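Have a look at the structure below before the remarks.
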Amino acid sequence: LKTPLPMLLRTCHSPRAAPSLLRRCRDDGGAGVRHLLCWLRLGMPRGRGPQRRVAPAHAHQSTGSFAAIAESQAASAAVAKSNLDGESQQLAVDLDGGGAANIGDLHRLPSDPCMRATRLYREPSLTPVRPNLTGSPRGLNRTIRRQASAQFTKNELSVVEEKLVIVMVGLPARGKSFISNALLRYLNLLGCAARMFNAGSSRRSKGRAGATADFFDTSNAAAKQLREELAMQCLDSCIDFLKGCSMCAAVGILDATNTTIERRCKVSRRVAEEGGIGLMFVESICNDEALLQVNYKLKLANADYEGMEAATAMEDFLQRVRRYEQVYEPLQDEEEGEDRSYIKIVDAGVKLIKHRCTLDAKKQVPSHILTLLHSIHLGPRSIYFVVVGPTTNDVQGFLGGDSPLTARGEERMNKVAAYMSQREDDEPALVMSGTLQRHLQSAHLLKVAGTSSCPKERTVLQLQRLNDLCLGSFDNMSAAEIQEYYPHEAAARARDKFNYRYPGEGGESYSDLVARMREHILRLEQLHGSALVLCDKRVCRVFLAYFRGTRLEEIPYIDVLWGVVQFDRSHHGFDEIVIDI
């Protein structure tokens, strides 16, 4: 608000109130200024335009009052010198709508400030900029330009009620648990409540760990009855979980073989008893012998074979597979008169078939599931995450910015390059980085792979979506400066660090960052080789949350170390290794 205060007071509809308010400003100091701001704000109706601050009165020509002010523009400079006993004050008034005031509208409001307060006053939607910051060496007098509704983000899946049971189908070692865990991770990243119910884990928890192939023989009536009971108990737990999730999207995953039509019809009838719960089957079919051998070896880490010799365990597991193959009935479009909604994954993503999955346009979750299943595969691979830095901003304690690496940061990247050369096989890992200075420097240091006698070159992808979370107006500020100059914004962020969106152009929240990272996460799931991702701490937190299955609200609190975080494909998902560098 650059217009001198006496001029503003004269433009208001109540000239008699102006002298008393001006005296109060002079006598009460800061409290008087706040009272004046409140009084001026209450007299200014909400604007329609996209302006972000109140413009000087002489900039408007829409009414006779504005024209008169324009004529006195030359005199305003002289008046400003004596404003508030000669002290210049730069104040920013943040309106809910962000539009400029039409002074002609003031005549329709009560002249008494108290009356206005009782009828119109609301808490300001934007945080006032602290006055008297002109000439700050780092330009901390930054105007906060944002509506209150934009301060926090909202996830649509947290307000739309949608419930779904996903039933896995397939022979052992076909990747059902891997797919189930991938669905669990991705749905969690979307903000959808999800939980997996594994029949094998339930069996082992009830004292049936270490069951041999004879337990899965269809001629063993007692064992068959027990397996059916355990599967239905898992389904009941799944339904109870969904019933406990109100006013949000929720998915329960039944991870079992479900290889017979009889079992699938029993599951379908049980779900139909509960109104409002959808049902979808996901079948994994694998005929690729090389891939099956890899999956068989991964299965030996199963708790059923703990302490058993590898050869003995492999023979027993293959015998178990043969038992299931004797009764296996692939999914059909219709089973016992019931239409099936299903997705089939063939040979780890070589082919994908869907049937009756997205008939209801109001349902969002099936489309998200289909998007993920289009991306995942069961092949072996490793994914590495490295936080770039330290940078000059890290050393000075400033947040964000586009600062270069320090000498120590370059030394770290050289050590990371040496570690990767030891870990890589014949094919170097694909390097993915952002487009900021520190990312480009790091990628350059990691471009050469192999040894000095046999150098190789890594492919580098520079992707803007991997850039750091944007702090908007707070870019290149320290946390202490934000706390000092913008305490209301700091308090708002402390209330909800995940959904709080930084003010200013391009400002993001962690929720916005998660939405930006979804595309890249799907890209990582699609890769058949190893990948090295160079990113900042905030971006790394999102990736770690996905692979660890961390709740969204906990992402801002994930501790990220200066090292290499490595995820290796396992039978249930990915195993994590942290290397301190």
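The values are calculated or read from the model by the stated rules, or taken from the named source; none is laboratory data. Quick caveat: nothing in here was measured; it's all calculated off a predicted structure. Cβ coordinates were reconstructed from backbone atoms using ideal geometry, including for glycine residues, and neighbour counts include every protein chain displayed. Remember, those area values only see protein heavy atoms, side chains included, never the ligands or the DNA or RNA. Shrake-Rupley method; radii C 1.70, N 1.55, O 1.52, S 1.80 Å.
Please work out which one of (1) open to solvent by 40 Å² or more (accessible area, probe 1.4 Å); (2) touching a residue at least 60 places away in the same chain (Cβ under 8 Å); (3) closer than 28 Å to TRP562 by Cβ is the condition ASP425 fails and give its number.
The one condition ASP425 does not meet is (2).
Give the residue that is farthest from GLU329 (Cα to Cα), with candidates limited to residues of region 260-285 that are open to solvent by 10 Å² or more (accessible area, probe 1.4 Å) and β-branched (Val, Ile, Thr).
First pass over region 260-285, keeping only residues open to solvent by 10 Å² or more (accessible area, probe 1.4 Å): 260-263, 266, 268-270, 272-279, 285.
Still in the running and β-branched (Val, Ile, Thr): 260-261, 277, 285.
Values: THR260: 5, ILE261: 7, ILE277: 25, ILE285: 12 Å.
Here the residue is ILE277.
Of all residues in region 297-312, which are closer than 10 Å to GLY210 by Cα, aliphatic (A, V, I, L, M) and open to solvent by less than 70 Å² (accessible area, probe 1.4 Å)?
Passing the criteria: only ALA303.
Considering only residues that are of a type in the set (Val, Ile, Thr) and outside any loop (DSSP other than H, G, I, E, B), look in region 390-414 and name the one that is surrounded by the most Cβ atoms within 10 Å (Cβ to Cβ).
Of the residues in region 390-414, the ones of a type in the set (Val, Ile, Thr) are 391-392, 395, 406.
Narrowing the set further to residues that are outside any loop (DSSP other than H, G, I, E, B) leaves 391-392, 395.
On the way: THR391: 22, THR392: 16, VAL395: 13.
Filtering region 390-414 for residues that are of a type in the set (Val, Ile, Thr) and outside any loop (DSSP other than H, G, I, E, B), the one surrounded by the most Cβ atoms within 10 Å (Cβ to Cβ) comes out as THR391.
Suppose we keep only residues that are in contact (Cβ under 8 Å) with a residue 60 or more places away in the chain, out of contact with any Phe, Trp or Tyr (no Cβ under 7 Å at 6 or more places or on another chain) and open to solvent by 10 Å² or more (accessible area, probe 1.4 Å) within region 537-549. Which one would you say is farthest from GLY389 (Cα to Cα)?
This residue is GLY549.
Looking only at region 203-229, count every residue that is closer than 30 Å to PRO366 by Cα and crowded, with 18+ Cβ neighbours inside 10 Å and tell me the total. Working first, answer last.
Taking region 203-229 as the starting set, the residues that turn out to be closer than 30 Å to PRO366 by Cα are 203, 227-229.
Adding the requirement that they be crowded, with 18+ Cβ neighbours inside 10 Å leaves 203, 227.
Qualifying residue count, region 203-229: 2.
Among the numbered conditions (1) open to solvent by less than 30 Å² (accessible area, probe 1.4 Å); (2) within 19 Å of GLU262 (Cα to Cα), tell me where LEU187 comes up short.
LEU187 satisfies every listed condition except (2).
In this structure, is GLY529 open to solvent by less than 50 Å² (accessible area, probe 1.4 Å), assigned to a loop (DSSP other than H, G, I, E, B), under 25 Å from SER570 (Cβ atoms) and modelled with pLDDT under 95? Working first, answer last.
On the way: open to solvent by less than 50 Å² (accessible area, probe 1.4 Å): yes; assigned to a loop (DSSP other than H, G, I, E, B): yes; under 25 Å from SER570 (Cβ atoms): yes; modelled with pLDDT under 95: yes.
Answer is yes for this residue.
State the number of residues belonging to region 502-518 that are among the charged types (D, E, K, R) and in contact with a Pro (Cβ under 9 Å, 6 or more places away or on another chain). Walk me through how you get there before you give the answer.
As a first pass, look at region 502-518 and keep what is among the charged types (D, E, K, R): 505, 508, 512, 516, 518.
Narrowing the set further to residues that are in contact with a Pro (Cβ under 9 Å, 6 or more places away or on another chain) leaves none.
Residues meeting the conditions: 0.
Return only the number of the condition from (1) in contact (Cβ under 8 Å) with a residue 40 or more places away in the chain; (2) surrounded by fewer than 16 Cβ atoms within 10 Å (Cβ to Cβ); (3) closer than 17 Å to PHE178 by Cα that ALA348 does not satisfy.
(2)
If I go through region 440-492 residue by residue, how many of them are within 30 Å of GLU427 (Cβ to Cβ), open to solvent by less than 20 Å² (accessible area, probe 1.4 Å) and assigned to a helix (DSSP H, G or I)?
3
Please work out if SER180 is among the small types (Gly, Ala, Ser) and modelled with pLDDT under 90. Write out each step before concluding.
Details: among the small types (Gly, Ala, Ser): yes; modelled with pLDDT under 90: no.
Considered against the rule, which asks whether it is among the small types (Gly, Ala, Ser) and modelled with pLDDT under 90, SER180 comes out as no.
Within the group ILE581, ILE577, which residue is over 30 Å from ASN476 (Cα atoms), open to solvent by 20 Å² or more (accessible area, probe 1.4 Å) and either modelled with pLDDT under 95 or in contact with a strand residue (DSSP E or B) (Cβ under 7 Å, 6 or more places away or on another chain) (or both)? Break it down into steps so the answer makes sense when it comes.
Values: ILE581 fails: over 30 Å from ASN476 (Cα atoms).
On inspection, the qualifying residue turns out to be ILE577.
Report every pair of residues separated by at least 6 positions or lying on different chains whose Cβ atoms are under 8 Å apart, first residue within region 176-204 and under 24 Å from ALA301 (Cβ atoms), second open to solvent by 20 Å² or more (accessible area, probe 1.4 Å) and of a type in the set (Val, Ile, Thr).
LYS176/THR257; ASN188/THR550; ALA199/THR257
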